[in-house]
C-alpha cells in the first residue's frame, strides 16, 4: 500500500489538478478530505504522509483557514509549493446553447472571477452556490442547474461539454498550494527558495513590528507574504505569517531567524522550500554583504580576531 | 423622513445591537442590507447617510469583505467604531428541554465560539448552518430545528426562550464595527483616537515595508492593525490596511502620513475617529519628542533659523 | 571706513589666499588675527563683520579649535565656504642653490606634506619649526634659515625666489575655510548647498546616535562631516558637528532639523551655504519622495484629508 | 633583561603616573619616548613589548595622533586602558611666595585647565609654554621661570615645593590612556569590557553611516566613542574609530563585527579589554534578547529547525 497524500477535495477541483503537477504525487495514493483542517489532521495523526492545501490566492490573499491551522496545534512543515493559474470554463450538458441557460452554479469563491463575464453574456441567469466547483458540475449533470463554472478538466468526469473556456475577470488569477508534512529536515536549497515562519511579538510598542521586519531587511532578505492572524488573546492581538526569500541553510536567513528568535515572544518555523514563482523579482541579485561567502568570510575574520591572528 | 443608516442585516443580529449603542442611531432610520457591499454601495450612491459594518473580530482578524470594499472603489471614510463582546445564548421554543435537542443551527461564524460547549453538553446534536444567527432563530420558531445559537436579544422577536446564556469558547471574543460615510471633515480629536489608512508600496525590495512602518515608528506612533490585502495585480501583490494610534490633526500623525504619501505609490486615507478600546495600552504616555507642543516648538525653531533669529 | 573681515593670520598664508578668492573680500578691510578664537571673538564683539578661518583639512579632519568655538559661546553662523588645494613651494634667498641648503623651516602642519620630498631631495637638511609659513619665509629673508616651505605667493612679499614648486606628498591635499558671521538670514539656496548643525543627545543608549542620523537618512540627506567634540561634561561625553547636504529652506532638511530638535537635548544651527565641493557626489539625484515638490504635494494631501476633500 | 614598555615621555608626567597604576608595569622596564609615533613604532619593531599612550581626554576628545597611528600602518591592538583624573599643582622653588611669581610655565595642554585659576590668583603673571609639564618643572628648578603647573608628583624629582594643589577649571577632567601591543589573543572577558574597531564605509550614500551604527544598535550595544578620522583620500573622506561596550567573545559583539565586516569596505579590529569607567552607564542591564544565553538558545533553535527536530 503506497503512502497517501491528503488533499482538499472533492475530486476534480483545482486542488487536485495542482497536486498532480508534483512528480511525487504519481507514486502516492491521493485522498480527498472535506476540509483543510481534516486534511492536516490526517497528517498530524499519521494517517497521511502529507497534505496538499491552498494557502494563498490572488483574490483572497492568504487563506486564513490554512494559515490558522499552521499557526497553532501540533507543528507542521511546508515542503513544496505549486502555483496554478485559475481560469474557468462554462460547462453544460451536451446540446445546451448559451441562450438556454437560466441558472448557473459554482463555489462562491469563483464568483469574483466570473462576475464580469456573466454580466456581459448571461445578465439574466440566476446564480446558485455549490459546495465546490466539482459539485456544481455534478448538479448540472443531474439537471438541477443549466451550467456550472469549473475547471475545464471537470467536463469529462461529469459528461459535460465546454461551452466557453478561459473565463477570468482578473488577469493573473492564481492560487498557491502547499504540500505540508510532519517536521523533518527541509528540502535541500535550490538557490531560489522561500522560508515561512510565524512570529509573535514580545510586547506591543511603537516600532515593534518595524524592528521585527528589520531582522530581514538588514540582511537584504525580501518578504513575499506578511499576513496577520489573531492570536486568540482577544481583538487586536496578532501574530504574523511571513514568507521570506531564501533557505534556512542560507547564512543570512539563519541569522535573521536567530535574531527573530531572540527578540520575539515565539517563532514557529514552517519550512524552507523551492519557490514556485517565476516572476522577475525571483532572480534579483543579492545585496552586497549578504552572500554565504561573505558571511563565512566575516565569521572567519572574527574568529581570527578572537585568536589574535590578523 | 430621517436620514438612514445602512447596516449588515438581517435585523436582530449582533450588528444591529452594536449599531444601537451609538447615540446618533436613535435619530436615524436603520435599514438592514444583505451584504457589506450593498450597505457600502448605499452610502456611495447617496441612498444612505452612512453604513455600519463589522471590520475586525477576535477570531477572524480583519473582515476581508469590508476591508476590500474600503480599499477600492469610490473613497469612503470611517467616522466611528464600536466594540461588542460576543457571547451566545441557546434559544429554544418554550418548553423545550436540553435533552429534547437533536438539531442546532447558527451562522457558520458562530461555530468556533460554541464548539466546546456543544461537545460537552450536546455531543450528539446535528449542526445545520443558517444564513445568519437571526435566521437560525426564525427556523427554530418555524419548527425546522430544535435550537439556535444567537444573541440573547434574539429570543423575544422570535418567541423563543433562553435555555443557556453566556456561551463562548474564547475569552475576550469581540467584534469591532465601523460607521462608514462619504468623505468629509473627520471628527474632532478626543485624545484617544485612531487613524486608518491603506498603503501601496512603490516597489518591492528588501526593507521596503520596514521603511513604511518606520514612518510611524520614528514618530512614536503605535500600530493597532496591519492587514495585507491583495491589490488585484496578481498573487503576492499586497497593499496594507493600517490602524495607527492618534488623529490626523496630531502633528506626529500628520507628518507620518506625509512621509507615507511621499514614499508610497498610493495612500488612501480612511479617517480618524475615537478609539473604542479601553485596554491599558490606550493610555500610554507619548514618546518624548512627539507631542504637538514639541512639534510646534521645533517648527518655530526652524522658522527662526530660516530667519536668522536665534 | 569699510566693514572688516577678520582672518587667521599672519598675512601671506594660505588662509589669506583662500579669503581673497571670495568676491566680497575685495570690498572689505582684511584684518589678520593671531588665533581662530580672537578672530571669532572680533565677530562676536562687533569689531569685525565676519571672520574667515580654516575648519577642515584632508590631513587633520575637522579643525577642533574652530569647531569648539562654533559649538559653544555666543552663536555664530557660517555663510560661505572655500576649498583650497594646498601645495608648497621651496623659497630661498636669490642665488641659493639646492646644494646650499642646510636648514629648512615651515609651520609644523606643513611637515606631513613635504616629508617625502625632503627625504628624496634634501635628506640631510635640519628642520626648524616656524610660527606660520609666512613667518618661516621672513626668517629665511633675515638669513636665519636657508629655505622655507610656504605658498608660492609668499615669495614676492619677502623678496625670495621659488626654487621648487608644487610640492605635496598627499594627492588631493585641501583645506576648507569658512566665513563666519553673527546670526542672520542664511544665503539663498543655490541647489548645491550644505547645512551645518551641532547636536547633543538627550541621553546615551544603544541606538541613540543611529536614531539621530536616521533623521537625515530617512529623508535621503547625505552627510558630509560627522565630527564628535567633547561637551565639557567629562570624558566620553560628546556632541556632534554635522554637515549635511541641502539648505534649511529645502523641505527635507527643514523636517530633518525639526526631527532633531524634538529628540535631541539641544541643536545649534550653524548655517546653510553654497557647497564648494565639485566632486561627483555633489550632483547626485534626490532620492524619490524627498524633493520639495513631493513634500508640498504630501502636505497638501494631508490638508485635504484633514478637510475631508479627497 | 625585563621586557620593556614604551611610553609617551618625558618622565614625571601624567602618562607615567597612569602607567604605574598598572600592576604589570612593576615588572617591566619603562622607557620614555619623545612621541606617540615613536613609542608605537617601538612596539611594531619589537623593541618594546607594549606602548602606553594617551588616546582620549575630556577637553580634546580623541587624541588624533594616537588614533591615526592605530588606524594605519602595521596593525596593533589595545590590551588595557587607564583613566586618570587630571589636576594640577603649582610648583615653585622652596621659599617662593605667591606674590613673588611673575612668570609661569607648563605644556600648552594645561592652559585650559588652569586659566581661571590664573586669572583669579595671578592675573599679571606671564605665561610661557614648555615642551612638557615635567620640562616646565625643570625650567623652574633652573630658575628660568618662577612657577610651573604640573602634577603634584613632579615636585620631588625637581626639588620643588607644592604652593597650591588640586587646580582644575573643568570638573571631571580626565585622560584615558591605552596599553598597545602587537596583535595577539585579547584579554579574557570580565563582564565590563570595551571593543575598539576602525570602520571604512564601502561608499557614501544617505543612510550609510546610520546603517553601520545599526549593526551595534540592533544588538543592543552602546557606543562609547565615535571619532571620524581622514582616510587620506582627500577632504571629506573619513573612517570612524568606534569604542563599543562588550567583548569580542560576547555573541552580540561578535555578530555586530561580522555584520560590519560584511557591509564595510574595511574593518580593523583594535582589541577588547576591561573598561576603566566606573560611571553608572557601565552597569546597565542588557537589552532583552542580547545575552549570550539568548544567542546560544537561538542558534540551537535554528540548528534544530535545519535538522527538522522541533
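The values are calculated or read from the model by the stated rules, or taken from the named source; none is laboratory data. The structure displayed is predicted, hence computed values, not measured ones. Virtual Cβ from ideal backbone geometry, glycine too; neighbours counted across all protein chains shown.
Candidates D:259, D:246, D:232, D:236: the one that is crowded, with 21+ Cβ neighbours inside 10 Å and either out of contact with any helix residue (DSSP H, G or I) (no Cβ under 8 Å at 6 or more places or on another chain) or under 18 Å from residue D:67 (Cβ atoms) (or both) is D:236.
Is it true that residue D:292 is farther than 30 Å from residue C:168 by Cα, more than 9 Å from every other protein chain (Cβ to nearest Cβ) and out of contact with any helix residue (DSSP H, G or I) (no Cβ under 6 Å at 6 or more places or on another chain)? Judged against the criteria, residue D:292 is not a match. Scanning the stretch D:32-51 for residues that are at pLDDT below 95 and under 14 Å from residue D:74 (Cβ atoms) returns a single hit, D:37.
Residues in the stretch C:208-224 that are farther than 19 Å from residue C:289 by Cβ and more than 7 Å from chain D (Cβ to nearest Cβ): how many? Going through the stretch C:208-224 one residue at a time, the tally reaches 3. For the stretch B:131-143, a tally of residues being touching a strand residue (DSSP E or B) at 6+ places or on another chain (Cβ under 8 Å) and surrounded by fewer than 22 Cβ atoms within 10 Å (Cβ to Cβ) returns 1.
Restricting attention to strands (runs of 3 or more DSSP E) lying wholly within the stretch B:135-198, give those where 1 or more residues are within 14 Å of chain A (Cβ to nearest Cβ), under 21 Å from the mean Cα position of the chain (by Cα) and within 21 Å of residue B:253 (Cα to Cα).
The strands (runs of 3 or more DSSP E) meeting that bar are B:174-181.
Just one of the numbered conditions (1) within 14 Å of chain C (Cβ to nearest Cβ); (2) touching a strand residue (DSSP E or B) at 6+ places or on another chain (Cβ under 7 Å); (3) surrounded by fewer than 22 Cβ atoms within 10 Å (Cβ to Cβ) is not true of residue D:265: (1).
Within this structure, residue D:6 fails the test of being assigned to a helix (DSSP H, G or I) and in contact with a helix residue (DSSP H, G or I) (Cβ under 7 Å, 6 or more places away or on another chain).
Restricting A:152, A:60 to those that are closer than 30 Å to residue A:190 by Cα and at pLDDT below 95 reduces the list to A:60.
Of the residues making up the stretch D:225-254, those that are closer than 30 Å to residue D:297 by Cβ and within 14 Å of chain C (Cβ to nearest Cβ) number 8.
Within the stretch C:276-287, can one find any residue that is in contact with a strand residue (DSSP E or B) (Cβ under 7 Å, 6 or more places away or on another chain), more than 8 Å from every other protein chain (Cβ to nearest Cβ) and modelled with pLDDT of 95 or more? Write out each step before concluding.
Within the stretch C:276-287, the subset in contact with a strand residue (DSSP E or B) (Cβ under 7 Å, 6 or more places away or on another chain) is C:276-277.
Applying the additional criterion that residues be more than 8 Å from every other protein chain (Cβ to nearest Cβ) yields C:276.
Then drop every residue that is not modelled with pLDDT of 95 or more, which leaves none.
So far as the stretch C:276-287 goes, no, none of its residues is in contact with a strand residue (DSSP E or B) (Cβ under 7 Å, 6 or more places away or on another chain), more than 8 Å from every other protein chain (Cβ to nearest Cβ) and modelled with pLDDT of 95 or more.
With respect to being touching a strand residue (DSSP E or B) at 6+ places or on another chain (Cβ under 9 Å), within 19 Å of residue D:79 (Cα to Cα), crowded, with 22+ Cβ neighbours inside 10 Å and facing another protein chain (nearest Cβ under 7 Å), residue D:273 falls outside the description. Scoring residue D:225 on the criteria (1) within 24 Å of residue D:70 (Cβ to Cβ); (2) surrounded by 16 or more Cβ atoms within 10 Å (Cβ to Cβ); (3) in contact with a helix residue (DSSP H, G or I) (Cβ under 6 Å, 6 or more places away or on another chain) leaves a single failure, condition (3).
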